[in-house]
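The next block holds one structure in the form of structure tokens; read it before the comments.
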Amino acid sequence: MFGSTKMNLKMPDYIAGTCNIGVGEIRRRQLVAILGSVFSVVTLVGLIAAHAPYGARFTIFAPLMVASTGWVQSRKKFCLAFGFMGTFNFGSLGSIARVSDPASRAQDRATAIRILLQSLAIAIVLTLIVGVLPF
């Protein structure tokens, strides 16, 4: 009658400047993003409860940076550190391979820089919002 159909959603292989991590590594970055987000909320609640002065509010930048970096990497399926190191991983966690082509390594570095700048921009904007909140 009605058979079940399994879809095999295979992750793509390494694509220079586009995709350098597989499912396990993506999940790891999602976990970092969630933890960074939780720590950001806890920090914000603490700042509000303490009626923190404006200068102290900028301490939220660190957890926001962790959260934004995790989110951007997981969405782009690209690891910032791997991009700078010229490596990739589509296997089990810890099984890192080297990118041998110099042009591919250059593309990866450019993507890593873009991810770093995006993450910084997100964290800075959110930090400034927290800095001007009336609490």
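Where a number appears in this text, it was derived from the coordinates with a stated rule and is not lab data. Values in this document were obtained by computation on a predicted structure and should not be read as measured data. Because the Cβ atoms are built from the backbone with ideal geometry, glycine has one as well, and the counts that use them run over all protein chains shown.
Structure summary
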item: Sites residue 39 and residue 106, calculated FRET efficiency, Cβ-Cβ separation with R0 30 Å, nearest 0.05; result: 0.30
item: FRET efficiency, 1/(1 + (r/R0)^6) with R0 30 Å, evaluated for residue 114 and residue 48 via beta carbons; result: 0.35
item: GNM result for the chain, Cα springs below 10 Å: residue of 104, 92, 74 fluctuating most strongly; result: 92
item: Rounded if a/c under 1.5, otherwise prolate or oblate - the chain, Cα gyration tensor axes; result: oblate
item: Theoretical ellipticity at 222 nm over the chain - DSSP helices of four or more residues, -39500 (n - 2.57) apiece, nearest 500; result: -20500 deg cm²/dmol
item: Net charge of neighbours whose Cβ lies under 12 Å from the Cβ of residue 70, counting Lys and Arg as +1 and Asp and Glu as -1; result: +4
item: Cα gyration tensor shape of the range 65-126, rounded if a/c is under 1.5, else prolate or oblate by comparing a/b with b/c; result: oblate
item: Protection proxy ranking, peptides 49-55, 28-34, 107-113, average beta carbon neighbours within 10 Å, highest first; result: 107-113, 28-34, 49-55
